[in-house]
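Laboratory data are not the source of any read-out in this text; all were calculated from the coordinates shown. Quick caveat: nothing in here was measured; it's all calculated off a predicted structure. Neighbour counts are summed over all protein chains in view; Cβ atoms, including those assigned to glycine, are modelled from backbone coordinates with ideal geometry.
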Amino acid sequence: MTTMSVPCAEIAVRGEFDLAAAARFLTGFAPAGQPDAEPGALRVAFPLEGVWTPVGAVLRQRSPGEVAVEVHGPPEHVEAVVAQVRRMCSLDIDGTGFPEVAGRDPVVALLQVLHPGLRPVLFASPYEAACWAVLSHRIWMTQAVRLRQRLTERYGTEVDVGGRRLRSFPAPAALAKLEYLPGLPGPKMPRLRGIAEAAAAGLLDAAVLRAMPAEEALKQLQLLPGIGRFSAELILIRGAGHPDVFPRAESRLHEILRDAYHVPQAEVAGLAEFAEAWAPFRSWVSFLFRVEGEARMRESR
């Protein structure tokens, strides 16, 4: 019997990070379609950005300063797979300065105590984030989740991720040919095809979007079909992983902030001033506020 070796790599963690917290978040984040987490591990499947080959990875945290990655995909793509999961877990950012934000803002200090080691967990790519933005626009979350599941089941690819079979989101080439999906509102179909075509053309490259000034990137993203300011922020922050953008179009987050800082009448500009103390981690802090807000909402039900 021949034993196949699985390529492995290590990601150095700079700053505090808890993979178990990331796995718990992803398990409860309906748009991710993530199954229940295996204790001590995070399994993911996704189309590899740029080439769009379906791949998988298993992440395990060996120590506070290291995450091991088991790669399931073509050998020539091992480095790219590791880079993509590093970004998905926000491990491509040096987080050693994140505790300093707590010293400038006691509300953030409490958040960091409540959610130790939790960094933003991202969509696999700006392409997937953009597709979710189109699917979820002006419909209930439960409806959008069903549409995503249906899309993945019909057009995605099954990947063996260490003995567990997961379905990767459809590659742009498959989505560009989309002609029918039960329950999908008519206007969303050409928008999804447009997103797929933009991704295939390299217009949703995470590194390129991150390298641009944030406002310029947001303007460019709003040129895509069906993408407004809210969706553009989602793509840049939760798709490309920009660590320092304050979401100006996310009204739910603004309500959470007004409550947390006891400023019920504050305008978005005023909230953005609060957020200046969070730099260079405004996206990270916004993520923690959102997570805590969702947790409190569940407790109140």
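Among residues other than Gly50 with Cβ under 14 Å from its Cβ, the summed charge is -4 (Lys and Arg +1, Asp and Glu -1).
Between the residues Phe17, Val85, Thr142, the greatest Cα displacement towards the positive end of the dipole of the chain, with unit charges on the Cβ of Lys, Arg, Asp and Glu, is found for Thr142.
Sorting the segments 180-190, 108-118 by their mean number of nearby beta carbons within 10 angstrom, highest to lowest, gives 108-118, 180-190.
For the pair Arg154 and Glu16, label points projected 7 Å from Cα toward Cβ lie 4.5 nm apart. Most tightly packed first, judged by the mean number of other beta-carbon atoms within 10 Å of their residues, the peptides 264-277, 120-133 read 120-133, 264-277. Subtracting the Cα-Cα distance of Thr27 and Leu114 from their residue separation scaled by 0.36 nm leaves 29.5 nm. Dividing the summed -39500 (n - 2.57) terms of all DSSP H runs of n ≥ 4 by the residue count of the chain sets its mean residue ellipticity at 222 nm at -13500 deg cm²/dmol. Classified by the C-alpha gyration tensor, the chain has an oblate form. Its axis ratio a/c, with a ≥ b ≥ c, is 1.5 or above, and a/b does not exceed b/c.
Label sites at Ala201 and Ala68, each approximated as a point 7 angstrom past Cα along Cα to Cβ, lie 4.4 nm apart. Taking label positions 7 Å along the Cα-Cβ direction at both Ala211 and Thr96, the computed distance is 2.6 nm, reported to one decimal.
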